[in-house]
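Data block below; observations after.
Any read-out appearing in this document is the output of simple, stated calculations on the displayed coordinates, not a laboratory observation. Keep in mind that what you see is a predicted model, and the values were worked out from it rather than measured. All Cβ positions, glycine included, derive from the backbone under ideal geometry; neighbour counts span all protein chains shown.
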């Protein structure tokens, strides 16, 4: 697949990663839209954007996911906001999503072929990790921001534990993150959190403020 310019990058992949990381830091919730009909997903996305969430991920969880992705990409473009694709496990999924306008990808685990393809294309990508060995694999491909999955099983202490051997790696906890535990992940050193249905009726602006405060505090401690 040929390279192309993305919102996150004007020149190089490193620039793309920097901008993606900065977007996560500025509004530290990556919202996941999963198993929603396209019209419902669009309404949900509009509400999330209005509440201050800047990054949305469409999970490839059903047969209409690409249709949903295309509609959200079009709506996001009107606001100057990127939309990404999640649950990416194969290179053809990533390439099809990018052709539909996705500007970043997220995976449940680490796959060397998908990770190397994302690097070659020059698109921000979050491989999933749950062990030190998987983190080491990701660092060999020069990834420094990783999806921590499943966060509910690993817990905030996992983030703290991994800061020792991997001080330059930042994590985005995903899977079981709620309004009640999100701040604890940030206090442990997470860059941002990914949340899906748990956002529900959450007061998102208030949660974003608390997450930013926790993130700024931990950044000051480093």
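General observations
- The chain - mean residue ellipticity at 222 nm from DSSP helices (-39,500 (n - 2.57) per run, n ≥ 4, rounded to 500): -14500 deg cm²/dmol
- For region 70-203, the square roots of the Cα gyration tensor eigenvalues, ordered a ≥ b ≥ c, give a/c of at least 1.5 with a/b no greater than b/c, which places it in the oblate category.
- Highest mean packing first, where packing is the average number of other Cβ atoms within 10 Å per residue, the peptides 83-89, 22-28, 182-188 line up as 83-89, 182-188, 22-28.
- Of all DSSP beta bridges in the chain, antiparallel share, percent nearest 5: 5 percent
- Residue 206-residue 161 pseudo-label distance in nm [points 7 Å out on the Cα-to-Cβ vector]: 3.3 nm
- FRET E, pair residue 89, residue 50, Förster distance 30 Å, beta-carbon r, rounded to 0.05: 0.40
- A Förster radius of 30 Å combined with the Cβ-Cβ distance from residue 63 to residue 113 puts the calculated FRET efficiency at roughly 0.80.
- Here the contact order of region 122-222, divided by its residue count and restricted to Cα pairs under 8 Å and six or more residues apart, works out to 22 percent.
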